[in-house]
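Structure, as structure tokens:
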Amino acid sequence: MSKTSHSDLVKANKAHTLASWTSQRDWNPNSMVRGEGVYFWDGDGKRYIDWSSQLFNVNVGHGHPHLIKTIQEQAGQVCYAYPGIATDARARLAKMLRDITPEGLGKSFFTLGGADAVENAMKIARLYTGRQKILTRYRSYHGATFGAMVAGGDPRRLANEPGVPWVVHFHGPYAYRNPVYRERSEEQGDEIIADLLEETIHYEGPEYIAALMLEGYSGSSGILQGGEVFWKRVQEICDTYGILLIADEVMSGFGRTGKWFGIDHYPSVKPDIMTLAKGLTSGYVPLGAVVVTDKIADHFEENTLWCGLTYSAHTLGCAAGIANIEVYEEERLIERAAKMGKVLAAGLEKLADSHPCLGEVRGAGLHQVIEIVKNRDTREPMGGFNQPLSEPMRKVAASLRENGVSTFVRWNWVFSAPPLVISEEQIADGLAIIDKALAQADPYCE
Ligand SMILES: Cc1ncc(COP(=O)(O)O)c(C=O)c1O
């Protein structure tokens, strides 16, 4: 057990640090003193299953020896070189990314995380096309820096508004709730959503639109993905109007959905720019990347790339990225995520038999969410969009935590996104705790 208790850690952290996305009084954090595989331990020695891979990023699990050793070795060689200097780690990681990203994507600009990858992707799209506007969907999340926050359609952006003038939002797929899907198949609904997107493009003027930015596989916005029909139309629309497609793979990249990238679920879709972070290093060192096609890269052979960061291509981050990709490959974690994802999804579906509050299970691979509802027929959610947690959802969250599952509960959603190294037995353990937690919400069903 650690020498510092959970309550001492919380007290000391609350004393001199500020916490994200909460009033400071309401911040009631967990603590962590050690992590191994899918588990971490708090200051009192209590063990949690990390059911969200922290922030959907610790894909290879906690304390992986290959990552730790590689980072240590890199620190002893070249710990930092300014971004104008060539290093081995930077070159090797970029080559590896070229090999695993969809065909055509060839060169990387390295950042520190997801939001600055998104900022630089938007800059690159505007510099390359000479157009200004970026189209993104409501209910997406692209990061918390000023441009990325406003580009997101998540309600957290509202506190930053009016924001930057060149972002336009449109309605995206949400088969469970979006009214266009009522009395229609998912495919028919997706087709209408794509028609409306195209209409928005006409209203905004295609000649002013640099890029359409979508999460490769929708994440914290509730895994609202749309199917083959939607994505096929997205590609056609981009081709028709000469609009670049930015696939934001910050959350969905690196095996999370059972493929290397979320967008790989739709082989006909060819992003022009991809943003990466999180699973790029499994969070061991902060790093992000903007990967662009050779065609876009060629443009900047003659034209200045007006982007820069003191810590771009940080050697520790690049070394962590290399070791991390080696682990994905050697431990076959992408295939494992697809296989374990089926086990997880089936287990979540099964919970619906005994819990009337379970409205829908959706996702891919180890990237799943459940919707908790008051009534399965009306689909009335157990907690409102952009509202503080309702009483039943607070009880669900408290039960999960008390029984040792660490994950995100948002509005009426509970996320399941454990590290890709999770075993069947560990999935069963986590599901048993979710089972208990859902029993807290059932009595509120009508
Ligand atoms: C799709 C997506 N893009 C961008 C970001 C921002 O990444 P970061 O928090 O590393 O800035 C996130 C973070 O959750 C994300 O999910």
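What is the extension gain from R184 to R332, computed as 0.36 nm multiplied by their sequence separation minus the C-alpha to C-alpha distance, in nm to one decimal? Working shown, then result.
Values: separation 148, 0.36 × 148 = 53.28 nm, distance 3.90 nm.
In short, 49.4 nm is gained.
Under 5 Å between amide hydrogens, built in the peptide plane, is the criterion, and for R137 it picks out F170 among residues at least 5 positions away or on other chains. Per-residue ellipticity at 222 nm from helix content only, as computed over the chain with -39500 (n - 2.57) for each DSSP H run of at least four residues, stands at -12500 deg cm²/dmol. Could you tally the net charge around V38, taking each other residue with its Cβ under 11 Å from the Cβ of V38, Lys/Arg +1 and Asp/Glu -1? Every neighbour counted, the sum reads -3.
Shape class for the chain, computed from the alpha carbon gyration tensor (a ≥ b ≥ c): oblate, with a/c not under 1.5 and a/b at or below b/c. Label the stretch 65-330 by shape, choosing from rounded, prolate and oblate, from the square roots a ≥ b ≥ c of the eigenvalues of the Cα gyration tensor; if a/c is under 1.5 it is rounded, and otherwise prolate applies when a/b is larger than b/c, oblate when it is not. Prolate is the answer for the stretch 65-330, as a/c is 1.5 or above and a/b outweighs b/c. Between N28, N324, N386, the GNM of the chain built on Cα springs shorter than 10 angstrom shows N28 fluctuating the most.
Around H6, with a cut-off of 15 angstrom between Cβ atoms, what is the net charge of the other residues, counting Lys and Arg +1 and Asp and Glu -1? Mind showing how you got there, number by number?
Details: positive: K3, K11, K14, R34, K46, R47, R401; negative: D8, D42, D44, E402.
Every neighbour counted, the sum reads +3.
Between the amide H of H62 and those of E36, G37, V38, Y39, distances stay under 5 Å, these residues lying 5 or more places away or on another chain, with hydrogens modeled in the peptide plane. Structural descriptor for the stretch 65-330: relative contact order 30 percent, calculated from alpha carbon pairs under 8 angstrom and at least 6 residues apart. With a cut-off of 12 Å between beta carbons, the residues surrounding E191 carry a summed charge of -4, where Lys and Arg count +1 and Asp and Glu -1. Taking a ≥ b ≥ c as the square roots of the eigenvalues of the alpha carbon gyration tensor, the stretch 320-446 is prolate, as a/c is not under 1.5 and a/b beats b/c. Just checking the listed ones, W27, W260, W411: in the Gaussian network model of the chain with Cα springs under 10 Å, the one fluctuating most is W27. Here is the list for the stretch 23-107: trypsin sites (Lys or Arg not before Pro) lying in DSSP coil, each with at most 14 other C-beta atoms within 10 angstrom of its C-beta, are R25. Remark: spin-label model distance D44-Y138 equals 4.3 nm, labels positioned 7 Å along the Cα→Cβ axis. Of all DSSP beta bridges confined to the chain, the antiparallel ones make up roughly 60%.
Loop only by DSSP, 12 or fewer other Cβ within 10 Å of the Cβ. Give me the trypsin sites (Lys or Arg not before Pro) in the stretch 175-225 that pass, ordered by residue number.
Values: sites: R177, R182, R184; in loops: R177, R182, R184.
Here the trypsin sites (Lys or Arg not before Pro) that fit, given the DSSP loop and packing criteria, are R182.
If R0 is 25 Å, the Cβ-Cβ spacing of Y208 and K232 corresponds to a FRET efficiency of close to 0.50. Computed in the context of the full set of protein chains, the accessible area of the chain at 1.4 Å probe radius has 52% of its extent on carbon or sulfur.
The values are calculated or read from the model by the stated rules, or taken from the named source; none is laboratory data. Small disclaimer: the values here were computed from a predicted structure and weren't measured. Every residue, glycine as well, gets a Cβ built from its backbone with ideal geometry; the counts of neighbours run over all protein chains shown. These area figures cover heavy atoms from the full protein model, side chains too; ligands, DNA and RNA do not enter into them. Shrake-Rupley method; radii C 1.70, N 1.55, O 1.52, S 1.80 Å.
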